[in-house]
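A.B. asks: Structure provided below as structure tokens; questions to follow.
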Amino acid sequence: MARFLSSSPKSRAVLLGLCLFAVIPVAWAWGALGHRMVGELAERHLDPKAKAEVARLLAGEPDPTLAGVANWADDLRNTDPDRFKATSRWHYINAEGGGCGFDEARDCPDGNCVVSAIERQRAILADRSQPLAARRDALKFIVHFVGDAHQPMHAGDRDDAGGNRFQVSLRTPIEPEAYARKDYVDGVMGTNLHSIWDYYILRSRGLDLAAYSDRLDALPWPSYPAPSAHDVMPMAWAKESCRLIEARGLYPATHTMDHGYLDAQRPLAEQRIRQAAWRLAQVLNQALG
């Protein structure tokens, strides 16, 4: 980090951006765009019975679609802080033993990790004897958590809170989200690697939800009519995400970056969005179809 201690104006701006990271709230998700794309694409691949049950369960929601409820689990931070605090550990999994050999008994104490949360909410959703409100919330949790399990920074073994403590100075013309605008100085954003994956990689494509979803939906999808075992196994998705961190070099060699990193990693981010969407559709088709 010594290279940031120069007294030049440019270096001072970079250092300021990095220091400002300390007051940025911990990021939890793909960001609204990523989660909404997972929901939008998944809904396009539901079978008719599952689609009808989704519509029944979400009737009365402000936006009664999978995309419309995809960020609900994160929005609890503001709408129901106590519930968000109680469920905050459901968004990720860390391999306490190192590597990507997750162990549910060890890494999900009391069922508090994304893998256990998906399995638990899937059981509630599939149980027609459960109250409608419980099944509705289970659906909203599943839409979000399947997306989280496919975001590589939500499944790893590093001691940096999924990249939240890996400080990054990003030179970008992209305006940050509202909570972070105070940390955007002279075109340099003081942020962290987790936020780069949550927000900037997808946002830098410059497309809105509809256009981006159409672009990703136009790519080939699996042709088999029934899901493979891998498509409905949350632990397999988490291990997949974890292995990508090292295999695809998600941690940059420097703490300063520009859009070159975003451009290089975007194909992987888009692939994970599509995989999450396809697998979410398979999970819901099984549970509701």
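A.B. asks: Taking only C-alpha pairs under 8 Å that are 6+ residues apart, what is the relative contact order of the range 2-288 in percent? Show your work: numbers first, answer last.
C.D. replies: On the way: 434 pairs, mean separation 82.0, N = 287.
It comes to 29 percent, rounded to a whole number.
A.B. asks: Can I ask one more? Points 7 angstrom from Cα along the Cβ direction at Asn78 and Arg171: gap in nanometres?
C.D. replies: Label at Asn78, label at Arg171, 3.2 nm between them.
A.B. asks: So, one more: In deg cm²/dmol, rounded to 500, what helix-only [θ] at 222 nm does the chain give when every DSSP H run of at least 4 residues adds -39500 (n - 2.57) and the total is split over its residues?
C.D. replies: -15500 deg cm²/dmol
A.B. asks: Translational D (Stokes-Einstein, µm²/s) of the range 72-228 at 10 °C and 1.306 mPa s when Rh comes from the Kirkwood sum over C-alpha pairs? Please report the intermediate quantities before stating the final value.
C.D. replies: Details: Rh = 18.0 Å.
This corresponds to a translational diffusion coefficient of 88 µm²/s.
A.B. asks: Looking at the calculated P(r) for the chain, what percent of the C-alpha pair distances fall above 23 Å?
C.D. replies: 54
A.B. asks: How long, wide and thick is the range 22-149, going by the Cα atoms along their three principal axes, in whole angstroms, largest first?
C.D. replies: Here the Cα extents, ordered largest to smallest, are 43, 34, 28 Å.
A.B. asks: Can you give the FRET efficiency to the nearest 0.05 for Ala55 and Arg215, using r as the Cβ-Cβ distance and R₀ = 22 Å? Show your work: numbers first, answer last.
C.D. replies: Values: r = 26 Å, r/R0 = 1.16.
Given R0 = 22 Å and the Cβ-Cβ separation, E is 0.30.
A.B. asks: Quick one: grab the alpha carbon gyration tensor of the range 206-289, order the square roots of its eigenvalues as a ≥ b ≥ c, and give me rounded if a/c is under 1.5, else prolate or oblate depending on whether a/b is larger than b/c.
C.D. replies: Numbers: a/c = 2.90, a/b = 1.51, b/c = 1.92.
Verdict is oblate for the range 206-289.
A.B. asks: Turning to a different aspect of this structure: Angle, helix 9-20 long axis vs. longest principal axis of the chain, Cα atoms, 0 to 90°, nearest 10?
C.D. replies: Between helix and principal axis, roughly 40 degrees.
A.B. asks: A further question follows. In the range 2-288, what percentage of the DSSP-assigned beta bridges are antiparallel, given to the nearest 5? Present the calculation step by step, with values, prior to reporting the outcome.
C.D. replies: Numbers: 7 of 11 bridges.
Antiparallel: roughly 65 percent of the beta bridges in the range 2-288.
A.B. asks: How far apart, in nm, are two points set 7 Å out from the Cα along the Cα-to-Cβ line at Lys85 and at Asp159?
C.D. replies: Label at Lys85, label at Asp159, 2.7 nm between them.
A.B. asks: So, one more: Provide the gained length on full extension for the span Ser228 to Arg120, in nm with one decimal, where the gain is 0.36 nm per separating residue minus the Cα-Cα distance. Before the final figure, lay out each step's value.
C.D. replies: Details: separation 108, 0.36 × 108 = 38.88 nm, distance 2.03 nm.
Between Ser228 and Arg120, full extension yields 36.8 nm more.
A.B. asks: Explain nothing, just compute: Karplus ³J(HN,Hα) = 6.51 cos²θ - 1.76 cosθ + 1.60, θ = phi - 60°, for every residue of the range 279-289 in order, whole Hz, x for Gly and Pro.
C.D. replies: Whole-Hz 3J(HN,Hα) from phi for the range 279-289: 5, 4, 4, 5, 4, 6, 4, 5, 6, 10, x.
A.B. asks: Here's a follow-up. Stretched out fully, how many nm does the piece from Asp127 to Asn112 gain, at 0.36 nm a residue minus the Cα gap? If you can, show how the numbers build up before the last one.
C.D. replies: Working: separation 15, 0.36 × 15 = 5.40 nm, distance 2.12 nm.
Fully extending the segment from Asp127 to Asn112 adds 3.3 nm.
Every number in this text was worked out from the coordinates using simple rules, so none of it is lab data. Keep in mind that what you see is a predicted model, and the values were worked out from it rather than measured. Glycine also receives a Cβ, built like all others from the backbone with ideal geometry; neighbour counts cover every protein chain displayed.
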